[in-house]
Amino acid sequence: MTTHAPSARHDGSVELVLDARAELGEGPVWDTRAGVLVWVDILAGHVHRYDPATGADSVTDVGQPVGAVGLRESGGLVLAVRDGFALLDEDGPTPRPLAAVEREDLETRMNDGEVDPAGRFWAGTMELGGALGRGSLYRLDPGGTVTRVLADVSISNGLGWSPDERTLYYIDSPTQRIDAYDYDRSNGAIANRRTVVEIEAADGLPDGLTVDAEGFLWVALWGGSTVRRYAPDGRLDQVVELPVSQVTSCAFGGSDLAELYVTSAWAGLEEQQRRAEPAAGGLFRLRPGVRGLPARRFAG
Ligand code: BGC
Ligand code: CA
């Protein structure tokens with residue numbers, strides 16, 4: 001059993017802002033230009049845009065599983081779809097393929113992704129059922145070149161960079177860890193893997209993550225009904241409880257980046273569990289008492 005540190009700055013209130021019933025809600029990213037939260041339902045192949053000003057959520061069906069999205073500097077989105085990287089124009093419903101990734105392997109798909117401090121888009125893959133060692137982590141450079149950064153990954157998940165842009169945090173879920181790498185902004189190279197956080201299996205599987213303005217890590221725990229905040233030295237700082245077990249990812253949003261949006265899923269729940277968690281697949285929001293960093297934009 002892990003000791004839950006007192007949540008000094010979050011008052012415990014979590015709001016269900018969108019009863020989305022997403023099968024596998026994921027990949028939230030706040031678009032400061034538009035004032036909307038972009039997120040995905042991976043298995044449905046849906047890209048959502050949630051506008052907190054109106055409460056409206058618009059959906060684009062991209063026709064295949066979509067693991068993650070990144071904002072583009074020039075407008076629109078970069079996507080990590082089942083077959084690889086693609087671009088989605090602001091007004092266009094159909095993604096344009098940019099670079100294939102494991103396209104001939106029908107048993108894998110792309111999963112979580114994030115734009116790095118230099119405008120490259122990183123996303124990884126997983127075997128559909130999460131079979132060990134079948135995934136990789138890739139980096140898409142602005143010119144369209146794809147580089148395999150890590151092999152022998154199982155469920156490639158959360159990615160985030162420290163505010164000083166010198167460290168990459170990375171989660172391969174079944175390892176039950178958050179690892180860190182030295183990150184070289186000039187060429188995107190990573191080195192010197194070490195473990196920052198270890199999470200007990202009973203507390204859930206580490207999934208998506210985001211780094212706040214103080215350099216602390218917020219990680220969603222799949223099967224753990226919580227989002228946790230960790231110090232960069234690995235100390236557990238806060239635990240936020242959610243009314244759903246499959247918590248998938250989180251991102252800061254709102255005009256002042258003082259709100260934390262949290263995605264969830266009903267995937268993996270038995271019929272009975274689903275009835276017990278009617279909000280599973282919903283989009284949640286809380287005020288954690290700390291601000292986030294603006295999402296970086298893909299430069300390609
Ligand atoms: C994946 C799911 C997986 C979950 C927990 C998500 O990112 O898309 O398939 O079950 O992480 O590891
Ligand atoms: Ca994820």
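The values are calculated or read from the model by the stated rules, or taken from the named source; none is laboratory data. Computed from a predicted structure; not experimentally measured. Methodologically, a virtual Cβ is constructed for each residue, glycine included, from the backbone with ideal geometry; neighbour enumeration extends over all protein chains shown. With ligands, DNA and RNA removed, areas are computed over all heavy atoms of the protein, side chains included. Shrake-Rupley method; radii C 1.70, N 1.55, O 1.52, S 1.80 Å.
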Karplus-derived 3J(HN,Hα) from phi for the stretch 206-218 (6.51 cos²θ - 1.76 cosθ + 1.60, θ = phi - 60°), whole Hz, x at Gly and Pro, runs x, 10, x, 9, 9, 10, 8, 5, 8, x, 7, 9, 10
Counting sequence-distant residues (5 or more places) and residues on other chains, those with an amide H built under 5 Å from that of Val153 are Gly135, Ser136
Taking only protein heavy atoms and a 1.4 Å probe, the highest-to-lowest accessible-area order of His10, His46 is His46, His10
If every Lys and Arg gets +1 and every Asp and Glu gets -1 at its Cβ, then about the Cα centre the chain yields a dipole, in debye to the nearest 20, of 400 debye
So the carbon and sulfur contribution to the accessible area of the stretch 218-300, 1.4 Å probe, in percent, is 47 percent
Applied in sequence order to the stretch 264-274, the curve 6.51 cos²θ - 1.76 cosθ + 1.60 (Karplus, θ = phi - 60°) yields integer Hz couplings, x standing for Gly and Pro, of 8, 9, 9, 4, x, 9, 5, 3, 5, 5, 4
Per GNM of the chain with C-alpha springs under 10 angstrom, the most fluctuating residue out of Leu286, Leu132, Leu159 is Leu132
Checked the stretch 81-144 against the a/c 1.5 cut and the a/b vs b/c comparison, axes a ≥ b ≥ c from its Cα gyration tensor; verdict oblate
Amide H contacts under 5 Å for Gly300, restricted to residues at least 5 apart in sequence or on another chain and with H modeled in the peptide plane, are Glu73
Largest fluctuation, Arg72, Arg275, Arg166 only, Gaussian network model of the chain with Cα springs under 10 angstrom, belongs to Arg275
Mean accessible area per residue over the chain (1.4 angstrom probe, all protein chains present, square angstrom) is 40 Å²
By the Cα gyration tensor axes a ≥ b ≥ c (a/c under 1.5 gives rounded; else a/b larger than b/c gives prolate, otherwise oblate), the shape of the stretch 241-300 is oblate
Among Gly135, Val66, Trp218, the residue whose Cα sits farthest towards the positive end of the charge dipole of the chain, when +1 is placed on the Cβ of each Lys and Arg and -1 on the Cβ of each Asp and Glu, is Trp218
Quick shape check on the stretch 123-258: root eigenvalues a ≥ b ≥ c of the Cα gyration tensor, a/c under 1.5 is rounded, otherwise prolate if a/b tops b/c, else oblate, and it reads oblate
In order over the stretch 284-298: 3J(HN,Hα) from phi, Karplus 6.51/-1.76/1.60, θ = phi - 60°, whole Hz, x for each Gly or Pro, gives 10, 8, 8, 10, x, x, 8, 9, x, 9, x, 5, 6, 10, 5
Full extension between Ala189 and Gln273 adds, at 0.36 nm per residue less the Cα distance, a length in nm of 26.0 nm
